[in-house]
1. Looking for something basic (Lys, Arg), touching a Leu at 6+ places or on another chain (Cβ under 8 Å) and either at pLDDT below 90 or in a loop (DSSP other than H, G, I, E, B) (or both) - is there at least one such residue anywhere in segment 113-130?
2. I'm checking my understanding of the structure. Among residues of segment 65-84 that are at pLDDT 95 or above and assigned to a loop (DSSP other than H, G, I, E, B), which one is farthest from residue 11 (Cα to Cα)?
3. What is the residue count in segment 87-105 for residues that are farther than 14 Å from residue 48 by Cβ and not polar (S, T, N, Q)?
4. With respect to residue 12, determine if the residue is surrounded by fewer than 19 Cβ atoms within 10 Å (Cβ to Cβ), over 26 Å from residue 158 (Cβ atoms) and without any contact (Cβ under 8 Å) to a residue 12 or more places away in the chain.
5. Which residue out of 143, 171 is in a loop (DSSP other than H, G, I, E, B), of a type in the set (Gly, Ala, Ser) and touching a helix residue (DSSP H, G or I) at 6+ places or on another chain (Cβ under 9 Å)?
6. Report, by residue number, each residue of segment 123-159 that is open to solvent by 50 Å² or more (accessible area, probe 1.4 Å) and either in contact (Cβ under 8 Å) with a residue 60 or more places away in the chain or among the hydroxyl-bearing types (Ser, Thr, Tyr) (or both).
7. Would you point out the residue of segment 15-55, among those that are in a strand (DSSP E or B), open to solvent by less than 20 Å² (accessible area, probe 1.4 Å) and of a type in the set (Val, Ile, Thr), that is modelled with the lowest pLDDT?
Amino acid sequence: MADHVHARPDKLVIAGAGASIENPFHPVRLLLSAEETAGDVTVYEFELPPRSPGSPPHTHTLEDEYFYVISGALSVMSGDQVLSLYPGDFVALNRGNTHMFWNASDETTRLIMTTTGGSFEGFMNSAAPRIAEAKPDSAEAAGAVIGQLAAEHGITISMEKMPPEAAPFYGPPPAD
């Protein structure tokens, strides 16, 4: 049986290291790629600035997402529930269920996000270049670009499912 195992090298990522992923939403570091796990898992570290969006309401068809909060506070919508997560908390957001996340707190939130299936990596790698290419002139136009990209990766964005407490983080910035 051991003859059929494809060995992959072990990997150590030192704190603060990992490949920076160009992301129009918040800082992201790739800790472990799908290629490094034979397409099974991708692991990211997300850093959400205070009072900022994470993702809009969406449903995956190709992957599951798992969040582990390292520091700060994270708000998560899972179906009809809004959950508050704190350091040490973990949530499994499975394909087929609508979910979203954001940072409603006044401090930076750091979390580890793991996805199964390896398909989400293509979406993450394409988001910033697609936005740069489209040069959207409004938040709505940027949302449409991301919505189209998401659909190409088996993700459906459902803005109508936005909970009221998350809406202020996803609208246009306040006028000065």
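The values are calculated or read from the model by the stated rules, or taken from the named source; none is laboratory data. Just so we're clear, the structure is a prediction, and the values are computed from it rather than from any experiment. In this analysis, Cβ positions are derived from the backbone assuming ideal geometry, glycine residues included, and neighbour counts consider all displayed protein chains. Remember, those area values only see protein heavy atoms, side chains included, never the ligands or the DNA or RNA. Shrake-Rupley method; radii C 1.70, N 1.55, O 1.52, S 1.80 Å.
1. Kept after step one, since they are basic (Lys, Arg), are these residues of segment 113-130: 130.
Okay, now just the ones that are also touching a Leu at 6+ places or on another chain (Cβ under 8 Å), so 130.
The next check asks that each one be either at pLDDT below 90 or in a loop (DSSP other than H, G, I, E, B) (or both); those that pass are 130.
Yes, there is a match, as at least one residue in segment 113-130 is basic (Lys, Arg), touching a Leu at 6+ places or on another chain (Cβ under 8 Å) and either at pLDDT below 90 or in a loop (DSSP other than H, G, I, E, B) (or both).
2. If we take residues in segment 65-84 being at pLDDT 95 or above and assigned to a loop (DSSP other than H, G, I, E, B), then 73 is farthest from residue 11 (Cα to Cα).
3. Going through segment 87-105, the residues farther than 14 Å from residue 48 by Cβ turn out to be 88-99.
With not polar (S, T, N, Q) added as a condition, the list becomes 88-93, 95-96, 99.
Going through segment 87-105 one residue at a time, the tally reaches 9.
4. Details: surrounded by fewer than 19 Cβ atoms within 10 Å (Cβ to Cβ): yes; over 26 Å from residue 158 (Cβ atoms): yes; without any contact (Cβ under 8 Å) to a residue 12 or more places away in the chain: yes.
Considered against the rule, which asks whether it is surrounded by fewer than 19 Cβ atoms within 10 Å (Cβ to Cβ), over 26 Å from residue 158 (Cβ atoms) and without any contact (Cβ under 8 Å) to a residue 12 or more places away in the chain, residue 12 comes out as yes.
5. Values: 143 fails: in a loop (DSSP other than H, G, I, E, B).
Testing whether each residue is in a loop (DSSP other than H, G, I, E, B), of a type in the set (Gly, Ala, Ser) and touching a helix residue (DSSP H, G or I) at 6+ places or on another chain (Cβ under 9 Å) leaves just 171.
6. 125, 129, 156, 157, 159, listed by residue number.
7. 28
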